[in-house]
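The values are calculated or read from the model by the stated rules, or taken from the named source; none is laboratory data. What you see is a predicted model; the values in this text were computed from it and never measured. Heads up, the Cβs are rebuilt from the backbone with ideal geometry, glycines too, and the neighbour counts pull from every protein chain shown.
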Amino acid sequence: MIAKINNLLEEIDTLKASNAEELEALRIKYLSKKGAINDLMADFRNVAADQKKEVGMRLNDLKTKAQDKINSLKEQFASQDNTTCDLDLTRSAYPVKLGTRHPLTIVKNEIIDIFSRLGFSIAEGPEIEDDWHVFSALNFAPEHPARDMQDTFFIEANPDVVLRTHTSSVQSRVMETAKPPIRIICPGRVYRNEAISYRAHCFFHQVEALYIDKDVSFTDLKQVLLLFAKEMFGAETKIRLRPSYFPFTEPSAEMDISCNICGGKGCPFCKHTGWVEILGCGMVDPNVLELNGIDSKVYSGYALGMGIERITNLKYQVKDLRMFSENDMRFLKEFEAAY
Ligand code: DAH
């Protein structure tokens, strides 16, 4: 019996396993119910009484050693797994490409950011509008050319339902519910019935700003315009205001900035004038305040509106407006580094 135990001890000492299946086979061979050690245990009752003590001790010792050996082989596997496995199971199965922001979104966010710092909050309105909010409430005379079929998309031959031609429609939407002081910017898409070319599209984007309070003057407007131009195009940017006409503002103006492509020296982009037009603005016409339920003797305000495509062109010199809506990845990828 003792000789058998010693043989098994030697055998166990030299055991090797190179994978989990081999290890399990060894466990079954030596330690399972039908294993070699259990067989010896069964023989134990045949051992002479005076040897039982010693044989019993050796048998127990054999069992512990076998168990220890199997455990240590198992640990070897576990540690091998850790050191040789370079799989990162948290990684996605596919390479994930992050998208880039659309240039118009980048510029829109920048405009929103500047006006937010001045206390303006965002207001939105529907793109499918009625005549009242797009035209009538903004003091457009019934025969005003902007209502003409050539500029405006009408829906279902119902001249009262239109695709908004400007974000100024959000002005009247806000005025009919909010009480002054009102300080909002309205970014959004607008539609005009234009032939599509490199410099015109049937839809584009605008940002409108409206401020109504007591004692708002043209000086307030001018300061906001100057600040906006410097924040958007750089501290050295100059502005100039030219008198203009819009039905909803009186007086009205158009704002030019010193051309930020040539620094005001003159280039093809500014048609060698050194100036480029970027927005329309003015003091809200008292008629508009009254039409929208605001007392024009108590309140005054200014409004301004700009095209996001125009500002984007100035910043990034995109020569063809159609690029903005073609989803050409090569074009969109160019804006990867912008935020
Ligand atoms: N709504 C005008 C347009 O689409 C832009 C505009 C001009 C907006 C003057 C204004 C403004 O708020 O005061 O051409």
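Quick rundown of the values:
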quantity	calculated
Verdict on Asn287 being at pLDDT 95 or above and either surrounded by fewer than 18 Cβ atoms within 10 Å (Cβ to Cβ) or at positive phi (or both)	yes
Given (1) surrounded by 10 or more Cβ atoms within 10 Å (Cβ to Cβ); (2) modelled with pLDDT under 90; (3) closer than 25 Å to Ile2 by Cβ, index of the condition Gln67 fails	(2)
Residue satisfying all of: in segment 243-259; touching a residue at least 24 places away in the same chain (Cβ under 8 Å) and surrounded by fewer than 19 Cβ atoms within 10 Å (Cβ to Cβ); nearest to Gln171 (Cα to Cα) among these	Pro247
Options Arg164, Arg199: the member that is within 23 Å of Ile257 (Cβ to Cβ) and not hydrophobic (A, V, I, L, M, F, W, C)	Arg199
Count of segment 30-60 residues which are closer than 11 Å to Ile5 by Cα and in contact (Cβ under 8 Å) with a residue 40 or more places away in the chain	3
Odd one out for Arg310, checked against (1) within 12 Å of the ligand (Cβ to nearest atom); (2) exposed (fewer than 15 other Cβ atoms within 10 Å of the Cβ); (3) part of a helix (DSSP H, G or I)	(2)
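Condition check ((1) within 33 Å of the chain's Cα centre (by Cα); (2) more than 16 Å from the ligand (Cβ to nearest atom)) across all residues:
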| position | (1), (2) |
| --- | --- |
| Leu226 | yes, yes |
| Met232 | yes, yes |
| Pro243 | no, no |
| Asp256 | yes, no |
| Asn260 | yes, yes |
| Gly274 | no, yes |
| Gly280 | yes, no |
| Glu290 | no, yes |
| Gly305 | yes, no |
